[in-house]
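Structure, as structure tokens:
The values are calculated or read from the model by the stated rules, or taken from the named source; none is laboratory data. Since the structure is predicted, the reported quantities are computational estimates derived from the model, not experimental observations. Don't worry about glycine lacking a Cβ; one is built from the backbone with ideal geometry, like all the others, and counts go over all protein chains shown.
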Amino acid sequence: MGVLNVTPDSFSDGGRYLDADAAVRHALRLVEEGAAIVDVGGESTRPGAPPVDEDEELRRVIPVIERLRGRADVVISVDTSKPAVMRAAHRAGAGLINDVRALQEPGALPAAAATKCAVCLMHMQGEPRTMQQSPHYHDVVAEVGEFLTARAAAARSAGIPAERIAIDPGFGFGKTLQHNLTLLRGLPQLAAQAPLVAGLSRKSMAGTLTGRPQGERLYGSVALAVIAVLNGARIVRAHDVAATRDALAVAAAVQGDS
């Protein structure tokens, strides 16, 4: 899953692809590098990020999805929690809804079900503006797993078939470094529930573990992606698609999956 942020304030590439033409060019580059999914997001969910209103989010993402549709053999994902954006993105060509709030916003469950899109349900403790202030768990793997089980059940009850549901433990979303590492070790337990998405690319844990600043986290991010897949992740969300794909191809060959 290649990351395409059409925002001015995302933590890694905010502002670089705010223009629709630049965004589409980058999306096509991600596909050339091997992305099977392009995840288009119009609202930053980095720690401390302010909310974006519905009209602005629509203005950012819909032209990009419309222009990308038909230009590449790729699944277009919309990274949103807003029902109106889900519906409009589906009409524009999106086939996957990637929701950091796991369809908990009012109206999100019926909106997602009505689109017939696949969904990715993510765990987040708190809200982006406050989630990293003092995250706390008694057992992070068990608590994240219980939440994702409940949200997947809610999605099925709303009419979303199980085969269209993926889950994401939400690395860095209301988690300390130790929580993230524990989750990474516990991924096999979570992967038994549903297809698992792992988003570790360029996040602060890679910087903390390597001592590298933002912009120099490629190698740490690739290592985390490989570990996630070896522990059961089925989809990896990445900014650096070519490098991540190459590393995962090697890992798959060693596992005998090539």
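Structure above, values below:
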read-out	value
Looking only at the stretch 1-13, and only at residues there that are of a type outside the set (A, V, I, L, M) and closer than 22 Å to Val222 by Cβ, the one that is modelled with the highest pLDDT	Gly2
Those residues of the stretch 205-215 which are surrounded by fewer than 17 Cβ atoms within 10 Å (Cβ to Cβ) and in contact with a helix residue (DSSP H, G or I) (Cβ under 8 Å, 6 or more places away or on another chain), in sequence order	Thr208, Leu209, Thr210, Arg212, Pro213, Gln214
For Arg101: the one exception among (1) closer than 19 Å to Asp19 by Cα; (2) at pLDDT 95 or above; (3) part of a loop (DSSP other than H, G, I, E, B)	(1)
Positions within the stretch 114-123 being of a type outside the set (D, E, K, R) and either farther than 13 Å from Asp79 by Cβ or in a strand (DSSP E or B) (or both), in sequence order	Ala114, Thr115, Ala118, Val119, Cys120, Leu121, Met122, His123
Members of the stretch 116-136 that are at pLDDT 95 or above and either of a type in the set (Val, Ile, Thr) or farther than 25 Å from Val40 by Cβ (or both)	Val119
Residue list for the stretch 59-100, filter: within 30 Å of Lys175 (Cα to Cα) and surrounded by fewer than 19 Cβ atoms within 10 Å (Cβ to Cβ)	Val75, Ala84, Gly95
Count of the stretch 61-98 residues which are assigned to a loop (DSSP other than H, G, I, E, B), among the charged types (D, E, K, R) and closer than 15 Å to Glu43 by Cβ	1
The stretch 172-211, subset part of a helix (DSSP H, G or I) and of a type in the set (Ser, Thr, Tyr), residue nearest to Pro47 (Cα to Cα)	Ser204
Meets criteria (among the small types (Gly, Ala, Ser) and assigned to a helix (DSSP H, G or I)) for Ala166	no
Test result for Val250, among the β-branched types (Val, Ile, Thr) and touching a His at 6+ places or on another chain (Cβ under 8 Å)	no
First in the stretch 184-199 and touching a residue at least 24 places away in the same chain (Cβ under 8 Å) and of a type in the set (Lys, Arg), second anywhere and crowded, with 17+ Cβ neighbours inside 10 Å and outside any helix (DSSP H, G or I), Cβ under 9 Å, 6 or more apart	Arg185/Asn231
Residue in the stretch 24-38 that is surrounded by 17 or more Cβ atoms within 10 Å (Cβ to Cβ), modelled with pLDDT of 95 or more, out of contact with any Gly (no Cβ under 8 Å at 6 or more places or on another chain) and under 30 Å from Pro161 (Cβ atoms) present	no
Test set (1) part of a helix (DSSP H, G or I); (2) polar (S, T, N, Q); (3) more than 24 Å from Tyr137 (Cβ to Cβ) - Gln214 fails condition number	(1)
Qualifying residue in the stretch 175-182 (condition: over 27 Å from His26 (Cβ atoms) and free of Cβ contacts under 8 Å to residues at least 24 places away in the same chain)	yes
Subset tally (residues that are under 12 Å from Pro195 (Cα atoms) and assigned to a strand (DSSP E or B)) for the stretch 224-244	2
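Residue-wise test of (1) free of Cβ contacts under 8 Å to residues at least 24 places away in the same chain; (2) of a type in the set (Lys, Arg); (3) closer than 23 Å to Ala27 by Cα.
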{"site": "Gln214", "(1), (2), (3)": "no, no, yes"}
{"site": "Ser221", "(1), (2), (3)": "yes, no, yes"}
{"site": "Arg245", "(1), (2), (3)": "no, yes, yes"}
{"site": "Leu248", "(1), (2), (3)": "yes, no, yes"}
{"site": "Ala253", "(1), (2), (3)": "yes, no, no"}
